[in-house]
Each structure stands twice: as structure tokens, then as C-alpha cells.
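Here is the structure we will look at, set down as C-alpha cells.
The values are calculated or read from the model by the stated rules, or taken from the named source; none is laboratory data. Owing to the predicted nature of the structure, the values given are computational and were not obtained by experimental measurement. With ideal geometry, Cβ positions are generated from the backbone for all residues, glycine too; neighbour counts draw on all protein chains shown. Ligands, DNA and RNA are stripped out before the accessible areas are found, and what is left, the full protein with its side chains, is counted by its heavy atoms. Shrake-Rupley method; radii C 1.70, N 1.55, O 1.52, S 1.80 Å.
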Amino acid sequence: MSADIYQLIAIVLYMAAMVFIGYYAYKKTTNLTDYMLGGRSLGPAVTALSAGAADMSGWLLMGLPGAIYLNGLVEAWIAIGLTVGAYLNYVLVAPRLRAYTQVSGDSITIPSFLDSRLKGNSRVLRIVSSIVILIFFTFYVSSGMVAGGKFFESSFGLDYHMGLLIVSAVVIFYTLIGGFLAVSYTDVVQGLTMFFALLLVPIFGLFLTGGFTETAASIREVNPTGLSFVSGASFVGVLSAVAWGLGYFGQPHIIVRFMAIGSIKELKSARRIGIGWMFLSLIGAGATALIGIAYFHQTGGVLDDAETVFIVLGQIIFHPLIAGIMLAAILAAVMSTISSQLIVTSSALIEDLYKAVIKTDASDKQYVFLGRMAVLVVSVIAIFLAWPNNESILSIVSFSWAGFGASFGPIVLLSLYWKKLTSQGALWGMITGAVIVLVWGNIDFLKDNLYEIIPGFIGAWLVTYFVSMATYKPNVEIEQEFDAAQQLLKDEQSK
């Protein structure tokens with residue numbers, strides 16, 4: 001059999017497994033809480049791998065290796081910032097959010113939590129939160145679909161648009177029928193596939209390039225500063241890269257995993273698994289790019305698209321069937337993030353717009369059906385945005401990541417740590433963060449000099465603080481809930 005047939009067999013088997021998991025989760029989904037949050041039943045390993053797989057997307061196997069391949073380790077500051085940010089997210093946000101969402105209305109989405117937590121007596125904050133999620137997640141989902149199209153184009157010479165449609169169809173199917181449980185279970189398989197692929201490609205690739213010394217020498221011949229973290233970097237450039245870590249505090253598709261874990265005590269195990277997975281995966285992604293630089297220099301080959309370095313190396317190094325499994329890791333990264341974002345977007349439409357604003361007396365069966373229709377609608381819009389294939393994966397991801405980090409990050413942190421946060425402060429802070437990112441991220445001079453998450457995060461924090469101070473009035477119910485959440489946190493952690 002030809003190499004393409006072997007690889008295609010691996011891809012088909014992988015996709016069939018995802019569909020089977022989706023069907024399995026479908027049989028376990030009986031109500032809206034199951035569909036949107038898995039009944040708060042995730043274990044620490046599922047939570048960690050699901051959060052990691054949902055976080056990294058095609059950026060981990062395509063965007064980051066592509067950036068390092070082109071510019072060297074100076075691009076690794078993004079990975080450093082993300083690792084620090086993810087760790088702080090587990091420490092600062094995860095335990096308190098799990099406790100507070102349980103105490104405050106047993107909330108199953110971030111907008112519903114903020115609405116319940118702040119007692120604003122209006123649905124405006126919830127509606128605005130949902131709109132922000134819809135705007136930025138639609139772009140974010142489209143970045144995954146771009147990665148899927150590029151994957152099939154690079155791997156099999158398939159038309160970009162056909163690849164986009166294949167990936168979209170499989171993800172939409174298992175997300176639509178299986179909901180949060182399908183997303184979480186598939187994320188475990190996808191996270192492990194990504195992990196082993198990112199370790200195996202650079203390890204075996206190192207033998208092709210002659211070991212550490214020869215590889216380093218080849219890299220320096222191509223780019224004398226390629227192995228330096230600081231050469232050619234500016235302070236503002238490094239600051240912009242590290243600032244990616246700020247985004248974690250406001251990513252709904254990641255922090256919703258903290259809400260779904262079985263108990264607060266299990267978060268410590270989840271943190272160890274999650275950060276370990278992330279650290280080794282990021283090292284593997286960076287090493288893959290460096291091996292690629294050395295290999296193509298030594299062989300005189302040309303890589304047409306830097307973002308496909310992982311794909312091409314996998315095909316060169318391994319037997320076609322194993323290479324197919326490596327290729328499945330790309331699909332794993334892409335599909336895990338798309339599905340996570342689709343389910344959160346669906347929950348925003350149904351739980352936080354339709355259910356909260358339009359109709360509250362529908363049955364669980366009707367809500368689950370509407371949730372599935374929401375997945376379909378958002379997917380169609382994302383496909384439309386991804387169709388032109390005129391932007392890099394990293395650029396779309398960075399914009400969407402900044403949007404969530406700036407608009408939700410300060411609000412989530414303050415809601416968990418500050419009793420005086422008000423609904424008006426949260427509302428205007430969220431709007432400020434979103435608007436700054438939307439404006440800054442679309443002006444080339446500004447975004448080329450400073451990542452939009454920095455002014456967006458600072459602006460949102462300041463507006464939230466000052467508006468809250470101006471509108472604060474003591475509220476016994478808010479203070480009682482705040483204290484109850486802290487007590488629950490202490491009780492759970494002392495067990």
C-alpha cells in the first residue's frame with residue numbers, strides 16, 4: 001500500500017473513535033446540566049487533559065512550531081508566558097471558582113455565575129457576557145477550521161476547502177450529539193495523542209540531524225541567533241509574548257473545566273497532571289521546530305509553509321501508519337479546541353440568552369435540542385469565516401485569546417477575591433476590555449508594537465475597579481455567599 005493509504009487508514013480510525021465516543025456520551029446525556037457541564041462529574045485526569053487539549057488547539061502543533069521555525073527561540077516567550085499563566089490559573093482561579101459556582105446558584109456557565117454572583121437584578125451583564133463569547137469564539141472556532149483545512153491540504157494534497165468541511169463535519173457531529181461529556185472524553189484521547197506525538201517527533205528527528213551538537217550547528221548556520229531567547233528581542237516584544245499568560249483567567253472553554261470537576265480537593269491532582277502535560281508538550285513543539293530547521297538545512301529541502309513542519313517531519317521520520325497516528329495528533333489538537341469552544345458558545349446562546357431572557361419554561365429535552373442547534377449555527381458561521389484561508393492560525397488565535405483574556409479575566413479574578421465588585425463595574429469593565437481588543441487588534445501599528453491583551457486587560461481592570469467603587473452598596477446576600485464560598489473552599493481543602 002502507498003504511504004497515503006496507510007495514513008488515511010490511521011485518520012479514518014481516529015475519526016471513527018471520536019464519533020463512537022460522541023455516541024457513548026450521547027447515551028449518558030439526559031438534561032441540560034449534563035449537556036453543558038457533564039453533571040459536575042469529571043475526575044482530575046479528565047479535567048486536566050481536557051483543559052490542556054481544549055487550550056492548545058492547532059496552535060500547539062502548527063502555530064508555535066511555525067513561529068519558532070521562522071524566527072528561533074525568541075518566539076518561545078509565548079510558551080513561557082502560557083505555562084506560568086496556566087499554573088496561576090490552577091492556583092488562583094480553579095478552587096475558588098469551583099466553590100463559588102456551586103454556592104451561587106449552582107451556576108453552569110461563566111455568564112450565569114457572574115449574574116448570580118453580583119445580584120444586579122437585570123440580565124444586561126449576562127447578555128453582554130454571552131455576546132462577547134459569541135463574537136470571539138466564532139473567530140476562535142474558525143481558526144481551528146483553518147488548521148483542519150491546512151492539515152488535509154499539507155498531508156494528502158486535498159483541497160483546503162474539502163479538508164475544512166471534513167474536520168468540521170466530524171467535530172460538529174460528536175459535539176452536537178454528545179455535548180460536554182463527549183468533548184471531555186474525546187479531549188482525553190486527543191490530549192494523550194498530542195502529548196506522545198510531540199515527544200516522539202523531536203526524539204527520533206534528532207537521530208536524523210546527527211544529535212545535539214550537529215543539530216545546534218545547523219540551526220546556527222541558518223539563523224545565528226536561532227537558539228537565543230533574547231537576541232533580537234525587544235522588551236515590549238517579550239512583554240507582549242509573556243502577556244499571553246494573562247489570557248488564561250478569562251478563557252470560558254478552559255475555566256469551565258474547573259467548574260465541572262467532581263470536587264475541589266481533586267484540583268491539586270489535576271494541576272500536577274495538567275501542568276506536566278503542558279510543559280512537556282510545549283518543549284516538544286519547540287524542539288520539533290528546531291529539528292526541522294536543522295533537517296531542511298542539512299538536506300537542502302524547502303518547507304513551503306512553516307506551520308506544517310510537524311506534519312512534514314512526521315511523514316519523513318516514521319512508517320506511514322505511524323505517521324498517520326502523528327497526523328491524527330494534529331486533528332486531535334484542532335478538534336479538541338473546536339469542540340470545547342462550540343459547547344461553551346452553545347451554552348452562552350441557550351443558557352444565557354434564550355433561557356435567561358426569552359423563555360424559561362421549556363423542558364430539558366427542548367433545551368438540549370436547542371443547544372445542539374446552536375452548535376450547528378455557530379459552526380456554519382465559523383466555516384464561512386474560515387473559507388478564504390487568508391490569515392495564519394496564530395494571528396486568529398492571538399486575537400480571540402486577547403478578547404477573552406481582557407474582557408473576562410479581570411472580572412473573574414475580582415469576582416472571586418473582591419466583595420465590592422458590582423454588576424455595573426463588571427459590565428463596563430467587560431465592555432472596555434472587549435472594545436480595546438477589537439480596536440487595538442485591527443490597527444496594524446498598534447498590534448505590531450504591543451499585544452492587545454495588555455491594554456485591554458489593564459483598561460478593563462481599571463474601569464471595573466473605579467465603577468465598582470462608585471456604585472458599591474453593601475449587600476447582605478452577596479457577602480453571605482462570598483463567605484459561604486470561602487468556607488466551602490476551606491472545608492474541602494482540609495479533608
Out of (1) without any contact (Cβ under 8 Å) to a residue 12 or more places away in the chain; (2) open to solvent by less than 10 Å² (accessible area, probe 1.4 Å), the odd one out for residue 404 is which? (1)
Residue list for segment 441-456, filter: assigned to a helix (DSSP H, G or I) and under 14 Å from residue 407 (Cβ atoms): 453, 454, 455, 456
Can you tell me which residues in segment 64-95 are within 22 Å of residue 231 (Cβ to Cβ) and within 15 Å of the chain's Cα centre (by Cα)? 64, 78, 79, 81, 82, 83
How many of the residues making up segment 437-458 are open to solvent by 70 Å² or more (accessible area, probe 1.4 Å) and under 26 Å from residue 425 (Cβ atoms)? 2
Go through (1) more than 27 Å from the chain's Cα centre (by Cα); (2) in a helix (DSSP H, G or I) and name the single condition residue 202 misses. (1)
Evaluation of residue 353 against (1) at pLDDT 75 or above; (2) part of a helix (DSSP H, G or I) (one fails), failing number: (1)
Would you check if there is a residue in segment 282-291 being within 14 Å of residue 200 (Cβ to Cβ) and not aliphatic (A, V, I, L, M)? yes
Residue tally, condition over 19 Å from residue 373 (Cα atoms) and either in contact with a Phe, Trp or Tyr (Cβ under 7 Å, 6 or more places away or on another chain) or open to solvent by 10 Å² or more (accessible area, probe 1.4 Å) (or both), over segment 167-197: 9
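May I ask you to list the residues in segment 407-430 that are assigned to a helix (DSSP H, G or I) and open to solvent by 50 Å² or more (accessible area, probe 1.4 Å)? Explain how you work it out, then say what you get.
Of the residues in segment 407-430, the ones assigned to a helix (DSSP H, G or I) are 407-417, 423-430.
Listed by number, the residues that qualify are 417, 424, 428.
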Scanning for something open to solvent by less than 40 Å² (accessible area, probe 1.4 Å), among the aliphatic types (A, V, I, L, M), within 30 Å of residue 104 (Cα to Cα) and in contact with a Gly (Cβ under 8 Å, 6 or more places away or on another chain), does segment 131-147 turn up at least one residue? yes
Could you tell me whether any residue of segment 458-469 is farther than 24 Å from residue 119 by Cα and part of a helix (DSSP H, G or I)? yes
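Quick check: anything in segment 92-115 among the charged types (D, E, K, R), within 19 Å of residue 268 (Cα to Cα) and either modelled with pLDDT of 80 or more or assigned to a helix (DSSP H, G or I) (or both)? Full working, then the answer.
Narrowing segment 92-115 to residues among the charged types (D, E, K, R): 96, 98, 106, 115.
So of that shortlist, the ones also within 19 Å of residue 268 (Cα to Cα) come out as 96, 98.
Now narrow it down to the ones that are either modelled with pLDDT of 80 or more or assigned to a helix (DSSP H, G or I) (or both): 96, 98.
Checking segment 92-115: at least one residue is among the charged types (D, E, K, R), within 19 Å of residue 268 (Cα to Cα) and either modelled with pLDDT of 80 or more or assigned to a helix (DSSP H, G or I) (or both).
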Taking residue 473 as meeting all but one of (1) surrounded by fewer than 23 Cβ atoms within 10 Å (Cβ to Cβ); (2) in a helix (DSSP H, G or I); (3) of a type outside the set (Phe, Trp, Tyr); (4) over 22 Å from the mean Cα position of the chain (by Cα), write down the number of the exception. (2)
Hey, any hits in segment 84-104 for a residue that's basic (Lys, Arg), open to solvent by 20 Å² or more (accessible area, probe 1.4 Å) and under 24 Å from residue 491 (Cβ atoms)? yes
Near pairs, Cβ below 9 angstrom, 6+ apart or cross-chain, from segment 266-277 (surrounded by fewer than 22 Cβ atoms within 10 Å (Cβ to Cβ) and of a type outside the set (Phe, Trp, Tyr)) to any residue that is modelled with pLDDT under 90 and not in a helix (DSSP H, G or I): 266/42; 266/43; 269/43
Which residues, counting only those in segment 1-52, are in a helix (DSSP H, G or I) and at pLDDT below 70? 32, 33, 34, 35, 36, 37, 38, 39, 40
Only one of these conditions is not met by residue 246: (1) in contact with a Phe, Trp or Tyr (Cβ under 6 Å, 6 or more places away or on another chain); (2) open to solvent by less than 30 Å² (accessible area, probe 1.4 Å); (3) under 29 Å from residue 138 (Cα atoms). Which number is it? (2)
Pairs where the first residue, in segment 335-359, is surrounded by fewer than 21 Cβ atoms within 10 Å (Cβ to Cβ) and of a type in the set (Ser, Thr, Tyr) and the second is in a helix (DSSP H, G or I) and at pLDDT 75 or above, C-beta under 7 Å, 6+ apart: 354/370
